[in-house]
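Asks: Have a look at the structure that comes next, please.
Derivation of every value follows stated rules applied to the coordinates shown; laboratory data play no part. Please read all numbers here as calculations on a predicted model, not as lab measurements. Positions of Cβ are backbone-derived with ideal geometry, glycine not excepted, and every protein chain shown enters the neighbour counts.
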Amino acid sequence: MAALIDWRARPLRTVRHHMALVEAAVAEYARALWEQAAPHRLRWLRHVLRKLRPLLSRLAVRTFEPDEVLLEQYIRQFSVDYSAPDLTGVLEELGQKIAVQYGFLPSDPRAERLEREFRKILEGDLFTYWRGLTDPRRLARRLAELRRQNQSTQRIIEQLQLEYAADYFTAERVVRTLYTAGANNAQLAALKAHGYTHKRWLTARDNRVRVAQGSSRFDHRQMDGVVVPIDEPFVTPAGSRLLYPGDRSLGAPPGEVMNCRCTVVGVVLGNESAHPSRGNFDAPAPPARPRNQTWMPTGSPWH
């Protein structure tokens, strides 16, 4: 925990340390999560296709295109009695590890609270994860697409089994999102325990940091260096309120938190000017923000 005192003066080192922990968690847990979910997902697919096969065979000899809405209704009907797998065991250890990484002993009441909060997020994310893997609309759309390519029923089944066994990226997204939320929650608790009065948002400072473009209004690059009182929420350019990067307790939408890699660090305003000159800091100029948010240079340029 002593390292926290120095991070205020070394934000780039803090970012790199946080990023290393995020990627290590993804490497360790995403594969395990997918390996547990994939067999169950394939069994669901075979279960649905076995019941759909007579319908697919009839569609194969007709002249009109398959009705995606009809297929989706059948898939939903056939999935009603198919239970989702229990995936919580794969990631429960991650919540315990995060608390330890940020200096909380297992017997510390704060560690128990952090783990409860992590589990609440975990259960919601895993439900969404499984629902996304077995989305009837997605399967219906793919079935219709393959049918329009004049694929045989057997070829459709074989193709779908290959596709549904290969997708692993959603597991990575779940782990990365969960780790960022859990780690920043623990970090904030540690900052409060050390007496910090303010907190600062730091991004990963690379070309993957989200910016508002096209139909997306979510922008974290403009959040880099924003400082608020320790108990107040950050307010993003999209108007979302977050106690820390990855926080969803105040209603932040998925676009603000999914795959987020930002972190939070402590600030003592008695040691830093709230309005210093930008000097050589190369970050974009901050937009207008609520009065309790201050943008502060962190001492390290974008690269």
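Asks: Could you check the spin-label model distance between GLN159 and GLU145? Points 7 Å from the Cα along Cα→Cβ, value in nm.
Replies: Each label point lies 7 Å from its Cα, and together they span 0.9 nm.
Asks: Continuing with the same structure: Show which lysines lie in cross-link reach of LYS192 when reach means a straight Cα distance below 26 angstrom and same-chain residues fewer than eight apart are skipped.
Replies: Counting by Cα, and skipping residues close in sequence, LYS192 has these lysines nearby: LYS97, LYS120.
Asks: Residue-wise, which Karplus ³J(HN,Hα) couplings in Hz belong to segment 97-104, taking 6.51 cos²θ - 1.76 cosθ + 1.60, θ = phi - 60°, and x for glycine or proline?
Replies: Computed from phi, the couplings for segment 97-104 are 5, 4, 4, 5, 4, 9, x, 9 Hz.
Asks: Subtracting the Cα-Cα distance from 0.36 nm times the residue separation, let me have the gained length for VAL69 to ASP108 in nm, one decimal. Mind showing how you got there, number by number?
Replies: Values: separation 39, 0.36 × 39 = 14.04 nm, distance 5.24 nm.
Separation in residues times 0.36 nm, less the Cα-Cα distance, equals 8.8 nm.
Asks: Between beta-carbons, use under 14 Å as the cut-off and find the net charge around PRO254, counting Lys and Arg +1, Asp and Glu -1. Kindly include the intermediate steps, with their values, before the conclusion.
Replies: On the way: positive: ARG131, ARG173, ARG176, ARG210, ARG217, ARG248; negative: ASP125, ASP247, GLU256.
Counting the neighbours of PRO254, the net charge comes to +3.
Asks: Same structure, new question: Please give the net charge around PRO85, taking every other residue with its beta carbon less than 10 angstrom from that of PRO85, where Lys and Arg add +1 and Asp and Glu add -1. Working shown, then result.
Replies: Details: positive: ARG41, ARG43; negative: ASP86.
The answer is +1.
Asks: Now, a different point. Kindly state, as a whole number, the per residue volume in cubic angstrom of the convex hull around the alpha carbon atoms of segment 22-172. List each step's numbers first, then the result.
Replies: Working: hull volume 15.8 nm³, N = 151.
Cα-based convex hull of segment 22-172, divided per residue, equals 104 Å³.
Asks: Another question, then. Please compute the alpha carbon radius of gyration of segment 161-252, then divide it by the globular-protein estimate 2.2 N^0.38 Å. Two decimals is fine.
Replies: Details: Rg = 15.6 Å, N = 92, 2.2 N^0.38 = 12.3 Å.
Ratio of Cα Rg to 2.2 N^0.38 Å: 1.27.
Asks: Under 14 Å from a point placed 7 Å out from the Cα of ARG173 along the Cα-to-Cβ direction: which residues of segment 105-134 have their backbone N that close?
Replies: Answer for segment 105-134: 125-134.
Asks: In nm, give the distance between the simple-model label positions of GLN213 and THR128, each being 7 Å from the Cα along the Cα-to-Cβ direction.
Replies: About 2.4 nm, to one decimal.
Asks: A further question on this structure: Can you tell me the relative contact order of segment 91-202? Whole percent, Cα pairs under 8 Å, sequence separation 6 or more. Before the final figure, lay out each step's value.
Replies: On the way: 49 pairs, mean separation 44.4, N = 112.
Reported as a whole number, the value is 40 percent.
Asks: Taking the Cα centroid of segment 155-191 and of segment 101-147, what is the distance between the two, rounded to the nearest whole Å?
Replies: First find each Cα centre; the distance between them is then 8 Å.
Asks: Among ILE98, THR153, PHE127, which residue has its Cα positioned farthest towards the positive end of the charge dipole of segment 22-172, with +1 placed on the Cβ of Lys and Arg, -1 on the Cβ of Asp and Glu, and the dipole taken about the Cα centre?
Replies: THR153
Asks: Simple spin-label model, 7 Å along Cα-to-Cβ: SER249 to GLU92 in nm?
Replies: The two pseudo-label positions are separated by 2.3 nm.
Asks: What list of ³J(HN,Hα) values in whole Hz, one per residue of segment 233-238 in order, does the Karplus curve 6.51 cos²θ - 1.76 cosθ + 1.60 (θ = phi - 60°) give from phi, with Gly and Pro shown as x?
Replies: Each residue's phi maps through the Karplus curve to give x, 6, 10, 7, x, 7 Hz.
Asks: Please report the net charge: other residues with Cβ closer than 11 Å to the Cβ of PHE218, K and R +1, D and E -1.
Replies: Working: positive: ARG210, ARG217, ARG221; negative: ASP219, GLU256.
Result for the neighbourhood of PHE218: +1.
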